[in-house]
Amino acid sequence: MTINNTAYQSSEATVSQNGLSIEQVEAMILKDMDMDIPPTRDLGRFQQRCISTIAHLWNAPSDENYYGTGATGSSEAVMLGGLVMKRRWQLKNTARPDAPINVVMGSNSHVCITRFADFFDVEARIVPVSQQYTLDAEKIEDYLDENTIGVFLTLGSTYSGHFDPVAKVADILDTYQDKTGYDIPIHVDAAGGGFVAPFTPNNGKFVWDFRLPRVKSINASGHKYGLCPLAIGWVIWQDKSFIPSDLIHESCYLRGIQASFSLSFSKSSTPIVYQYLNFLQKGLNGYRETIQSCLENARVVSEGLESSGYFRCLSDIHRLQSGAKQQLGSRSLCKEEMIPGLPVVVFRLSDRFKREHPSFRLTDISDIMHQQRYSIPYYTIPGWGPEGEDIEVMRIVVREDFTSKTAKEVLAGVCGAVTGALGFHTTDMGSSKS
Ligand SMILES: Cc1ncc(COP(=O)(O)O)c(C=O)c1O
């Protein structure tokens, strides 16, 4: 079996580890909720419980006016977030029905956001990344105008794990509104980070959620760090009044009146049950423990790769934020002072290594690791280099099933793969091995 560290999706292992049938899951939930209604007939309640748990995780205001829904994944959730921003802009600008509307996003955003722009006829304005590999907040103002329906920010980037500077962008948009009168909302695509940031020690200092009034909506994938074994997306608006009422449809031909906001009518209820079961079983402390262990293991791998001299990490979760002080006499860093991000290790060849071995390719390592049962992909990030050039990287996604033992094995495997590939290259090139 190949150990797959390719994707963010939770592995199926959690389901089989639990070894529970859906009936047993339902029985547990029924017992925990002390309900007299069979859950199969009342799944809406589970969805609502998940939404309220998540809304509180994201610091929804205490007036409890939030509105949320489950979706097939973050892609659908993003479409709904974008659609609300579009419709809201149109309702405020009825006098200009043909205005060329636009939406602003970073070049680090997921393809589903450009897809939203494409499907819903909105111009996608793409802000380049800064040297910190996040949307460059200093440049964002150049991309805004009276026709901007909203800004999508990413927490964290699929390609590098970095969290966009949400509070800084919110500040810029506040100043922009004071100057121009244009009130531009933020949707945070927290597909990966929505269940990471709340459980990290730096969540108090790194403000990214509904603590910022300008953040109107947030989405996350339950099947990534929400640890749900089946695909489910969540999207929450901090205030229901932000959603134009004609987008929420009511139907009454099933049982009672059902209001829903989604792109597709039917969706599977099983992921919702599993998501709720996870919340009950793990609790906040369980999530905190899992997420912090993922981050710790990702840091161990990152530091190990960099100290080999072969690699430089693009992901930064193992580094201190600028201005933070390392505690004297301790190698372990003060965790709230670390750069926030997803538990991923994104790395490339170090400049020195590339100079010494110009024909060496990351694909060699990926191939050797694959033979050793580890699937670690490599890919090119277009235009992220200091001169706007493409960067070739490899990515290890550290998930719940990635233990400290796995971290040591992967580290040894990747460094060993370099030595192995160098042997191949030296024979190939007839030069001496360094
Ligand atoms: C930042 C980001 N947004 C959206 C998505 C799409 O998520 P989903 O697969 O849940 O539709 C992903 C998937 O990796 C992602 O990383």
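What follows is calculated from the coordinates using simple rules that are stated; it is not laboratory data. If you're wondering where the values come from, they're calculated on a predicted model, not measured in any experiment. For neighbour counting, all protein chains shown are included, and Cβ atoms are generated from backbone atoms with ideal geometry for every residue, glycine included.
Points worth noting:
- Theoretical gain in end-to-end length, E336 to D118 [0.36 nm per residue, Cα-Cα removed]: 74.6 nm
- A straight Cα-to-Cα reach below 20 Å connects K240 with the lysines K86, K92, K216, residues fewer than 8 places away in its own chain not being considered.
- When the chymotrypsin sites (Phe, Trp or Tyr not before Pro) in the range 258-325 are filtered for DSSP coil states and for at most 14 other beta-carbon atoms within 10 Å of their beta-carbon, the remaining sites are F265.
- Loop-located GluC sites (Glu not before Pro) in the range 93-167 whose Cβ has at most 14 other Cβ within 10 Å (DSSP): E146
- Options M338, Y374, V418, ranked by Cα towards positive dipole end of the range 284-429, top entry (Cβ charges): M338
- Spin-label model, V111/A7: points 7 Å from Cα along the beta carbon direction are separated by 1.3 nm.
- Modelled spin labels at F265 and K139, positioned 7 Å past Cα toward Cβ, are 4.5 nm from each other.
- Counting other Cβ atoms within 10 Å as a rough exposure proxy, the listed residues W234, W58, W208, W384 run W384, W58, W208, W234 from fewest neighbours to most.
- Anisotropy class of the range 64-107 from Cα gyration tensor, a/c 1.5 cut: oblate
- Available extension along the chain between Q177 and Y379 is 68.8 nm, counting 0.36 nm per residue and deducting the alpha carbon span.
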